[in-house]
Every structure is written in C-alpha cells, then in structure tokens.
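Structure first, commentary second.
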Amino acid sequence: MAKNSAAKITRRSFGGLCMGAAAFGSAGLESTGQTAGSQVVNNSTRATAVDQNPIRRRGTGLRALNVDRASAGLTLFAAVGDGTVYLIDLHGTVAHTWKMPYPPGLYGYLTEKGTLFYNGQIPNETFLGKSPFKGGVALEADWNGKVLWEVRQPDHHHDGRLLKNGNVLLLCAKELPDLVAKKVQGGRPGTEVNGKIWADYLVELTTDGRTVWEWRAWEHLDPARDIITGVQDNRSEWTHGNAIIELSDGDLLVSFRNISTIIRIRRQTGEIVWKLGAPPLAGQHAPTPLANGNILIFDNGPHRLDHTFPFSRVIEVNPASNEIMWNYQEVNLYNFYSPRISNAQRLSNGNTLINEGFFGRFFEVTSAGEVVWEYVNPYFGPASETAKAQNNQVFRVYRYTEEEIERARKSAS
C-alpha cells in the first residue's frame, strides 16, 4: 500500500490513534467545532452554553480509522460558503488548501494533469440564480490557487467538467417552451415558477468562452413518460440534472434527480443509447464509470417507488443488464440517508469512499461493507447565520493517491 507522503506521521506511530478510533463513539477522538468555553459539568454546577447545531454537537473531524485497511491518500472537498478547498490526510489533518475567488457551485476535483478544476457560484436574480445549487463560473487553478482561465455561464448549475479535448462541458438550465412544459407529468400542481418549468441542457465551451456544442433535454426526453418521480416534489424543474461525466469513448453520462434517471448520450449524434430509471433509482447523484465497465451510483432514495420509506445506498450497476452487482446500505436502513447531494468513489485498494453529503460525513468501506475510516466535515457555514442555520454539507468528495498529489504539486506556477 502506498505511503502517504503528505502526512509526517508513519502508520506505525499512528497505531494508538487507530485503536482509539476503532473503539470510537466520541471517546478517544478529539472533535473540532465544539462550543468555545464549554466545561465539564457535574450535579453541583450549572450547565454552560450548548452548541445549538445538532450535527456539530455530535462530533466532527476524525471519527474512526483502521490505518491498515484504509486506502492511502489525501481526501479533497470544498466547504460551504467561503471558497476554500481542503485536502486532508487519513487522520483529518489539513495537508493543503486552495482559496478560490468564489463559493463552491458546487465542487472541485483534480484533473489528469494535476490542476484543480472548480465550479464556482455567482448568483443572479433568476430562479436558478437564487437556488443553492447555482454555479455560474468554471475555472482551472494550479497548486498555489492561481487561476489559469475561467468561463462564465449565467445558467450553469451543479456540475462542469474539463473534457479530454481541452474544452469545458457545463450543465445548465433554462425555462421550457410552454408546449413542452404542459406535457410534464408529476409533482405538485401549481408549484411552477411564475407558471414556468425549468429543464436542463448541456453546453461545451472553449476556455475563451466560445460555444461549440449543445444538447437539450427536452429534445431527447419525453415529458409525458420521463415523469417527476416524487409526488411531493414541486414543478419548478422538470429534470434537475446534477452530474455530467465524459466516458473514455467521448460519450456522456448525465444524471437527472427529479426524474430519477441516468442516461448515456452518444456524443456524435446526441442520441440516448442507455437509460436507467426508477426503480431502482430514486433521486440519485454522481454516476461514476468503473474500470470493469460498471457504473457506481449514490442512490439517495428520498422517495422510493419500491420501498415504504426513504434510505440511501451506493450501488454498482452493470449497464449491459442493469443488474445491481454490489451495494452498500445499512442493516438498519435509516442509519444511512442523504436526501440530496453526495457521491461515492471506488478506491485503488477496492474499498469505496462514500460522501453522505447532506451531513458532511465521509467514510470508507470495504467490499464487505465494513467501515475503515470516517470523518465529519468540521467547517460549517455560512458564518453570517446562527448556529442552528449553519450546515457542513459537501457536494462531492474525492480521495487522491500519493502519485496524483505529486502531479498536482508540480502544477504550481
């Protein structure tokens, strides 16, 4: 197993901490983000102030670690609000940060050449511009945070990716034509935005902002058949895309949460050549191709059509048969649930890194479903809000190997 070069602590010297983590609960692990000035209270003294944020109160930072079974490397995530992107080691120590000029809209990742690709948020006065999933700008930065280029797109949201040809693919949305909007099925009647329904399109841009390709959901999906699957959802959006990714042959995978559907688009023609819907999917996020040809999916499950109550799971699907080949879910299903955001990543040792994004909880499991690492994001925001209103949500999380981090370091100008 590769040694973590960023951490200045060897695995052997780390053993005592690991044993404490294995016992876990909150005992034996120091949590960050606790209310300042709190004291040990006995029956003869008055209680001091209690942090009013329940997620932070339960404990943040490193929660568990089996160093011999966890996949070595650094974990990348963007915190709410301030535009800081973090790299942490297995024991939760911050190894590196980038300070971006915009809040996350909604995340960043390391490219194959080691630079940071980042989706930023620039609000505007439209429905989309006021939404928490707003984007607006995509950029590439070096190890030191120097912005190499950026492109702006007012209706960009959720996701953007750097393509193999050097262009940028953005997930965007606009109001549907009225004739199409009238055919959209599902959701709560009367919850449109000023009588309008928004839907997704993809746009490919050069890094100097020229549009070279577009794909529009309403020209390829059927509003009468690809319905809004949650009867409780509003009708402000039809498709609500939340992920795009380029496959090795140039085809695209796109995830649409509101219609609980993932599709594969043939790049040359725009044709949908593969589709997976509900069930088994329910409000899913982040389809990720695996080396074996399967697709790893965070299946959020806020309104399952084949189960009586909501729960989340991570599934590996064979697209040739749509068979679920592997899954992670809790025995007590309600112990793992993120109704929105989130992702999963298959790691080099065969483990799976999971981001229970709604609660800022990152954890790594073996193929048998055993947890070997767990960390809770201690960075809450926005700072202007009260404790109760703050959150530590994280859209996506990625683990990078020593070799990938070294390549990123070399991107410094």
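The values are calculated or read from the model by the stated rules, or taken from the named source; none is laboratory data. Since we're looking at a predicted model, the values are computed, not measured. So basically every Cβ, Gly included, is an ideal-geometry build from the backbone, and we count neighbours across all protein chains shown. The area values use the complete protein model at the heavy-atom level, side chains included, leaving out ligands, DNA and RNA. Shrake-Rupley method; radii C 1.70, N 1.55, O 1.52, S 1.80 Å.
Just for segment 265-293: of the residues that are open to solvent by 10 Å² or more (accessible area, probe 1.4 Å), closer than 16 Å to residue 163 by Cβ and in contact with a strand residue (DSSP E or B) (Cβ under 7 Å, 6 or more places away or on another chain), which one is modelled with the lowest pLDDT?
Filtering segment 265-293 for residues that are open to solvent by 10 Å² or more (accessible area, probe 1.4 Å), closer than 16 Å to residue 163 by Cβ and in contact with a strand residue (DSSP E or B) (Cβ under 7 Å, 6 or more places away or on another chain), the one modelled with the lowest pLDDT comes out as 267.
Please name all residue pairs, on different chains or six or more residues apart, with Cβ atoms under 8 Å, provided the first residue is in segment 333-352 and is modelled with pLDDT of 95 or more and the second residue is in a helix (DSSP H, G or I) and not hydrophobic (A, V, I, L, M, F, W, C).
338/357; 340/357; 341/357; 342/357; 343/357
Of (1) among the small types (Gly, Ala, Ser); (2) under 17 Å from residue 71 (Cα atoms); (3) touching a Leu at 6+ places or on another chain (Cβ under 8 Å), residue 348 satisfies all except one. Which?
(3)
Scan 191, 261, 211 and give me the residue that is under 21 Å from residue 302 (Cβ atoms), open to solvent by 10 Å² or more (accessible area, probe 1.4 Å) and of a type in the set (Ser, Thr, Tyr). Step through it out loud before you land on a result.
On the way: 261 fails: open to solvent by 10 Å² or more (accessible area, probe 1.4 Å); 211 fails: under 21 Å from residue 302 (Cβ atoms).
Result: 191 is the single residue among 191, 261, 211 that is under 21 Å from residue 302 (Cβ atoms), open to solvent by 10 Å² or more (accessible area, probe 1.4 Å) and of a type in the set (Ser, Thr, Tyr).
Specify which of the listed residues (71, 38, 31) is part of a loop (DSSP other than H, G, I, E, B), at pLDDT 50 or above and among the polar types (S, T, N, Q).
After ruling out the rest, the residue left standing is 71.
For residue 181, state whether it is open to solvent by less than 50 Å² (accessible area, probe 1.4 Å), within 20 Å of the chain's Cα centre (by Cα) and small (Gly, Ala, Ser).
no
Could you please find all residues in segment 139-180 being touching a Cys at 6+ places or on another chain (Cβ under 9 Å) and assigned to a strand (DSSP E or B)? Outline the logic, then answer.
Residues of segment 139-180 touching a Cys at 6+ places or on another chain (Cβ under 9 Å): 153-157.
Within segment 139-180, 156, 157 qualify.
Might you let me know whether segment 138-145 holds any residue that is within 19 Å of residue 209 (Cα to Cα) and surrounded by fewer than 20 Cβ atoms within 10 Å (Cβ to Cβ)?
Step one: of segment 138-145, the residues within 19 Å of residue 209 (Cα to Cα) are 138-141.
Retained after the next criterion (residues that are surrounded by fewer than 20 Cβ atoms within 10 Å (Cβ to Cβ)): none.
No, every residue in segment 138-145 fails to be within 19 Å of residue 209 (Cα to Cα) and surrounded by fewer than 20 Cβ atoms within 10 Å (Cβ to Cβ).
How many residues does segment 303-332 hold that are of a type outside the set (D, E, K, R), open to solvent by 20 Å² or more (accessible area, probe 1.4 Å) and closer than 24 Å to residue 228 by Cα?
Total satisfying the criteria: 9.
Tally the residues that are surrounded by fewer than 20 Cβ atoms within 10 Å (Cβ to Cβ) and either β-branched (Val, Ile, Thr) or at positive phi (or both), restricting the search to segment 50-72.
Looking only at that region, the number is 3.
Can you pull out the residues in segment 226-249 that are farther than 20 Å from residue 193 by Cα and either open to solvent by less than 10 Å² (accessible area, probe 1.4 Å) or free of Cβ contacts under 8 Å to residues at least 24 places away in the same chain (or both)?
Scanning segment 226-249 gives 243, 244, 249.
Every residue in segment 73-120 that is among the polar types (S, T, N, Q), buried (at least 18 other Cβ atoms within 10 Å of the Cβ) and over 19 Å from residue 357 (Cβ atoms), please.
First pass over segment 73-120, keeping only residues among the polar types (S, T, N, Q): 75, 84, 93, 97, 111, 115, 119.
If we keep only those that are buried (at least 18 other Cβ atoms within 10 Å of the Cβ) too, we end up with 75, 84, 115, 119.
Answer for segment 73-120, where residues must be among the polar types (S, T, N, Q), buried (at least 18 other Cβ atoms within 10 Å of the Cβ) and over 19 Å from residue 357 (Cβ atoms): just 115.
Can you tell me which residue within segment 359-379, out of those that are open to solvent by 50 Å² or more (accessible area, probe 1.4 Å) and of a type outside the set (Gly, Ala, Ser), is farthest from residue 341 (Cα to Cα)?
Of all residues in segment 359-379, those open to solvent by 50 Å² or more (accessible area, probe 1.4 Å) come to 359, 367-368, 370-371, 379.
Pick out the ones that are also of a type outside the set (Gly, Ala, Ser) and you get 359, 370-371, 379.
Details: 359: 10, 370: 23, 371: 21, 379: 17 Å.
Looking at the filtered set, the residue picked out is 370.
If we scan segment 45-55, do we find a residue that is at pLDDT 95 or above, touching a strand residue (DSSP E or B) at 6+ places or on another chain (Cβ under 6 Å) and assigned to a loop (DSSP other than H, G, I, E, B)?
Within segment 45-55, none of the residues are at pLDDT 95 or above, touching a strand residue (DSSP E or B) at 6+ places or on another chain (Cβ under 6 Å) and assigned to a loop (DSSP other than H, G, I, E, B).
Which residues, taken from segment 380-413, are under 18 Å from residue 59 (Cα atoms) and open to solvent by less than 70 Å² (accessible area, probe 1.4 Å)?
Of everything in segment 380-413, those that are under 18 Å from residue 59 (Cα atoms) and open to solvent by less than 70 Å² (accessible area, probe 1.4 Å) turn out to be 380, 381, 387, 389, 390, 391, 392, 393, 394.
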